[in-house]
Each structure stands twice: as structure tokens, then as C-alpha cells.
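Here the structure is laid out as C-alpha cells; the discussion comes afterwards.
The values are calculated or read from the model by the stated rules, or taken from the named source; none is laboratory data. What you see is a predicted model; the values in this text were computed from it and never measured. Neighbour counts run over all protein chains shown; Cβ positions are idealised from the backbone, glycine included. SASA here: full protein model, heavy atoms, side chains in, ligands and nucleic acids out. Shrake-Rupley method; radii C 1.70, N 1.55, O 1.52, S 1.80 Å.
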Amino acid sequence: MAVKVKNVFFCSECGHESSKWLGQCPGCKAWNSFVEEPVQKKSPAAGYAGGAAPAGKRAAPQKLSEVTQTVTERVYTGIGELDRVLGGGIVTGSLVLVGGDPGIGKSTLLLQMCSILAGKGHHVLYISGEESPQQIKMRADRLSEASGNLLLLAETNLDLVEAVVLAERPELVVIDSIQTMYREDIQASPGSVSQVRETTGSLLRLAKGEGISIFIVGHVTKEGMVAGPRVLEHMVDTVLYFEGENAVSYRILRAVKNRFGSTNEIGVFEMRQSGLAEILNPSEYLLEGRPENEPGSVVAATMEGSRTMLVEVQALVCQTNFNMPRRTAAGMDLNRVNLLLAVLEKRLGIQLAYCDAYINVAGGMRISEPALDLAVVFAILSSYKNRAVPERTLVFGEVGLTGEIRAVTMAPQRVAEAQKLGYVQCILPHANLESIRKNQKESGGIGLIGVKNVRDLFGVLER
């Protein structure tokens, strides 16, 4: 079979192929995303008709009612937060992609997982294309769960990797990272669109065909996306992203795709000297060191999947020294903050056009849920009036353009979390009061204040 090598252009975002360079990808509409790479074109063998199927076993369709479903138990990693994000553990034969910024803890978490599973008697293989076995051993010595039964392999040639995996037949394989792997029959450098796509496809066939669970680590671009074509995320079963700031010690593991579980769950970890430690109560951790009786500080309840998290929303409103006031927001959308400021000016007659407004979600959290609106409005009013919010008060609710406070989902769970942490008062949408009283037989002494519009907040501040 003759092999021809030619150069084509690939979109680095979606993998679209073109014979010439294009300024905008016709597939995903991304600009300046085409890169040139050599590819091999194999011509069909002589005597083989293009429309005929090759000799060998033919595929046959099967009725859905005839498909027999086998129930396979998940493998628990021993890390509760990781199991939560995966949907209850590792599914046999699944392909999981883990992405995140450099140094955020991807390799550390996977090495901890492999060490725990190896210590429980599972056959685990850790393959690194970036570190030697000695370097991995140095990192493993810092981990409290390090196990000597873990198999290590330092290799970047995927053909050799597949041979080792088929010979050892482990239950779990970790590839660190996919950008370092290459196939010899692909005339492109490791990390290129062609190599990443083909190596991931080979690992996918290996995982499904042999029933081996495979975790692959993916580098991210400066925009925060996994490097390589977006088709990489479509090929895998689960995509996990590590989030976190360099200035804070906690890390958030979030599932953005999961064929075997929910995509709304998150896992919270803290980076320590001995590795990543689970944070079982993120609300208490995020509110640690919160100031008391200070204007502009409000505690809000937000939902991350099925987990309720309490965060502190801070606002600073002061008179501006410039013709155009400054508006900044950390931890939430600035456009949403501008919208809420406009609602307060229109519905309450407050002259915020002459004031600078600074909004911050303390702890480095990034919240996009509309239920944070009422806390932001309350914090702005508290700072503007220079009146502290009553102590041990929780706030949540969505604010509309007419100033109404709209109901939010999972309100009973938010109130239950506040009650568990010792809060004595909760300001929430009036429309949620009835559902909470139906779901909670006992209020536990927590006071519920329902508000219908932003004007009702003034009465709470005056108390």
C-alpha cells in the first residue's frame, strides 16, 4: 500500500481539516486557529473497490430489546471528593481527561489515586512522558498514601506503551501527559493536532476493547482550555478541570462532561506539603477569617451541583473622584454587577452614578449563579448606608429588572446548610417561604425573612 505525505491545515480548536490556510474556521468559527501539519494519505490496495467492504468479519445491527446490560461496579478511588465528581467512582473501560493550569495539582492527585488503589491490591500502571521514575519516586515520597506496589513507566512512544499495557493488563492506566505521546507513523511533532487526535483515538480503542480504565492528563492553553483540538473532549467519557488561584491553597475539581454521572458536582481540595487533602466542609473553610459587624459584608448561599456552599460577598461603595465612576468585580460577572447597580438607581432612587463600586467574592471563588444577586444588592446597600448586616444572617435570591426578588431552586437545602453552621436569620425570596415550610417540619430556631422586592431590604438594615 503506497503512502503519500502531504501538508494540510488543521483547526487547533475543532480539528477541521483544510487543504489551505483559512483565516476563520468554517466549523467552529474560530479566528487564526489553523496550523500546518504533515499527514499521510494511504492509497487503497489494488483490486479493492472504494464502495466494497474489506474481507473479514462484518458488523451486524442488533435490536435494542436484545441488548443485555451487564451491571459493573464502580471502583472507589479512596478519595471521596474525586469519587463525587466522577459520579461515584471509576467506571471500568472509561477514558477520563484531566486538565488544569501548570502546577495546580493534576499529577499529584492522580499519583495519590494510583497509590491508594495499588495499596488496596489493584493493578495500576502510571506512565509519564515528562518525568523519570526517580523523579516520580521523589514526588511520591511526599505523599502520605504512597504505595510501593505501583508500576511506573517513563515512555512517550504510544506503540511501546500499548505493548506494555497489553502485556501487563492493568486495571487502571494514567497517561501524563497526552501532549508528550506520539505515534511513529504520524509525521508530526508530539503535541500537534494530528498526534493528540490519533493518540487519544488509540487510547480510546484500548480502553473500550480491553476494559481498562485510562486517565489522561491534558495541558491547557492560556485561555484555560485543553491544548489541542476540541474533538479531544468529545472523544473521552469524562472531562475534569482543576481550578484554583495561586494565592489560595484550595483547589476545585469540576466535571464539565461526564457520561456516567452529573456534570454539576465539584470536589474541593487543599494543597498541602503531603499532597492534596479533601475539604469536607467548604463553607466553613471559605468563611474563615470573615470580619464581624462590618458594613458591606454579606454571607450568601450558592449551589455547586448538589452541594451548598456559603461564600462571603463584599462591597465597597464610595464617592468617586472622577467624571466616570469605577466598577470592578472579582468572582462574578461585571455585567451582572452593572445591571444590579442600575436596578438600585432606578427602583430605589439611590445616586450610585457618583460612587465607585467594588464587588468581591472572598476566597477566590468564581460564582455565576443568579441566586447571588440578592447578596450583592444587600452588600451594596450596606456599604452605601454604612450599616452592618445583622450578625449570623444568610442571604440568597435572584433580582429582576423591575426590582422583584425571584425564587431560586433548592432553597430548603440552602436554609439547612445555614442552620447547620449556626446562622439565626435567613433573607430569601418570599416565593420560597412556602416550599421551605413544607419541606422543613422544624425550623430549628432560624428566622426566615421573605422579601418581594429590593425596597424590603431597607427595613432589614434599619433593624
For region 428-454, name all the residues that are open to solvent by less than 10 Å² (accessible area, probe 1.4 Å), assigned to a strand (DSSP E or B) and at pLDDT below 90.
none
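Quick grid of which residues meet (1) more than 30 Å from GLU73 (Cβ to Cβ); (2) open to solvent by less than 10 Å² (accessible area, probe 1.4 Å); (3) touching a residue at least 24 places away in the same chain (Cβ under 8 Å):
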| site | (1), (2), (3) |
| --- | --- |
| LEU160 | yes, no, no |
| VAL164 | no, no, yes |
| ALA167 | no, no, no |
| VAL173 | no, yes, yes |
| ILE178 | no, yes, yes |
| ARG183 | yes, no, yes |
| SER189 | yes, no, no |
| GLU198 | yes, no, no |
Is it the case that some residue within region 62-71 is over 15 Å from ASN258 (Cα atoms), in a loop (DSSP other than H, G, I, E, B) and modelled with pLDDT under 70?
yes
The lone condition GLY261 fails out of (1) touching a Gly at 6+ places or on another chain (Cβ under 8 Å); (2) assigned to a helix (DSSP H, G or I) is (2)
Go through the residues of region 282-289 one by one and say whether even a single one is on the phi > 0 side of the Ramachandran plot and either buried (at least 20 other Cβ atoms within 10 Å of the Cβ) or touching a Cys at 6+ places or on another chain (Cβ under 9 Å) (or both).
no
In region 294-308, the residues that are of a type in the set (Ser, Thr, Tyr) and assigned to a strand (DSSP E or B):
SER297, THR302, THR308
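In region 269-289, which residues are assigned to a strand (DSSP E or B) and of a type in the set (A, V, I, L, M)?
Just the residues of region 269-289 that are assigned to a strand (DSSP E or B), to begin with: 269-272, 275-278.
Matches in region 269-289: MET271, LEU276, ALA277.
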Matching entry among GLY100, GLY105 (being out of contact with any helix residue (DSSP H, G or I) (no Cβ under 6 Å at 6 or more places or on another chain), open to solvent by less than 50 Å² (accessible area, probe 1.4 Å), farther than 21 Å from GLY211 by Cα and of a type outside the set (D, E, K, R)):
GLY105
Does SER297 satisfy the condition of being hydroxyl-bearing (Ser, Thr, Tyr), open to solvent by less than 50 Å² (accessible area, probe 1.4 Å) and either out of contact with any helix residue (DSSP H, G or I) (no Cβ under 8 Å at 6 or more places or on another chain) or under 30 Å from TYR384 (Cβ atoms) (or both)?
yes
Could you tell me how many of the residues in region 335-359 are touching a residue at least 24 places away in the same chain (Cβ under 8 Å) and of a type in the set (Gly, Ala, Ser)?
2
If TYR76 meets every condition in (1) open to solvent by 10 Å² or more (accessible area, probe 1.4 Å); (2) farther than 20 Å from LYS257 by Cα; (3) of a type outside the set (Val, Ile, Thr); (4) touching a Gly at 6+ places or on another chain (Cβ under 9 Å) apart from one, which number is that one?
(2)
Output the number of the condition that GLY211 fails; it satisfies all remaining conditions of (1) at pLDDT 90 or above; (2) within 20 Å of the chain's Cα centre (by Cα).
(2)
Would you pick out the residues in region 23-39 that are at pLDDT 85 or above and either surrounded by fewer than 14 Cβ atoms within 10 Å (Cβ to Cβ) or farther than 19 Å from ARG197 by Cα (or both)?
GLY23, GLN24, PRO26, TRP31, ASN32
Being among the charged types (D, E, K, R), in contact with a strand residue (DSSP E or B) (Cβ under 9 Å, 6 or more places away or on another chain) and at pLDDT below 85 narrows LYS42, LYS20 down to just LYS42
Kindly provide the set of residues from region 109-156 that are touching a residue at least 60 places away in the same chain (Cβ under 8 Å), crowded, with 20+ Cβ neighbours inside 10 Å and in contact with a Gly (Cβ under 7 Å, 6 or more places away or on another chain), ordered by number.
GLN112
List the residue pairs whose Cβ atoms are under 6 Å apart, where the first residue sits in region 242-268 and is more than 23 Å from SER94 (Cα to Cα), the second is open to solvent by less than 40 Å² (accessible area, probe 1.4 Å) and basic (Lys, Arg), and the two are 6 or more positions apart or on different chains.
GLY244/ARG251
